[in-house]
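The values are calculated or read from the model by the stated rules, or taken from the named source; none is laboratory data. Please read all numbers here as calculations on a predicted model, not as lab measurements. For neighbour counting, all protein chains shown are included, and Cβ atoms are generated from backbone atoms with ideal geometry for every residue, glycine included.
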Amino acid sequence: MPEQVIFEHPGFQLRQINGRTIVRLRVRPDDADTAVSLLELPGQPLRWSGEDPASYWLGPDQWLLTSDTKPASDVICHIDIILTGLLHVAVDMSSGYQCFELTGPAARTILAMGCGVDMHSSAFVAGHCTHTHFANVLLFIVAIDVNSFNLYVDRSYARYLCDWLEAAGEDPMTRDLHYQSQEAN
């Protein structure tokens with residue numbers, strides 16, 4: 001997947017991930033358990049699983065599926081085949097959202113500065129995901145690893161998000177720390 005480095009900071013790096021397929025799936029609440037089983041979707045709240053496509057829990061009857069190798073039409077076709085007979089809707093959201101990768105020892109600190117989610121490494125671990133208001137925009141945060149996150153934002157707010165994150169790098173909380181030896185606590 002083509003990536004573009006937006007900026008680098010001693011404590012974190014922000015990369016734009018281009019071309020990622022993003023599909024939103026919703027089923028009838030009564031069919032949610034069946035969809036979880038048939039498509040191997042995460043059934044637990046605020047969790048994600050899978051490789052390609054990866055699937056993210058958005059709500060009791062909603063998921064986000066992303067792929068770096070399959071076009072949205074293939075993901076939707078697969079969903080339609082597997083969920084034949086179940087009322088569902090799968091929509092290509094790829095052009096509406098931008099994905100970024102935020103990595104580095106200050107990534108959690110930066111994220112904690114912009115939202116009310118407990119970003120401590122014992123609370124928001126790899127395999128977790130959440131929607132939250134972040135710096136006045138709706139952001140979907142995915143914990144990939146201890147210091148690695150995918151951020152999904154409405155494309156119209158992408159520049160604002162990048163500017164906010166870059167400005168946060170100048171905050172004394174992030175600017176004055178020694179990142180070379182810092183581990184996530």
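Does region 3-14 contain at least one residue that is in a loop (DSSP other than H, G, I, E, B), under 24 Å from Thr132 (Cβ atoms) and at pLDDT 95 or above? No, region 3-14 contains no residue that is in a loop (DSSP other than H, G, I, E, B), under 24 Å from Thr132 (Cβ atoms) and at pLDDT 95 or above. Scanning region 26-69 for residues being within 19 Å of Asp92 (Cα to Cα) and part of a loop (DSSP other than H, G, I, E, B) gives a total of 9. In region 59-80, the residues that are among the small types (Gly, Ala, Ser) form Cβ pairs under 7 Å with partners that are assigned to a helix (DSSP H, G or I), at six or more places apart or across chains, as follows: Ser67/Val75; Ala72/Ser94. Scanning region 15-25 for residues that are outside any loop (DSSP other than H, G, I, E, B) and either more than 19 Å from Phe140 (Cα to Cα) or not hydrophobic (A, V, I, L, M, F, W, C) (or both) returns Arg15, Gln16, Thr21, Arg24. Restricted to region 89-131, and to residues there that are in a strand (DSSP E or B) and among the β-branched types (Val, Ile, Thr), the residue that is farthest from the chain's Cα centre (by Cα) is Val89.
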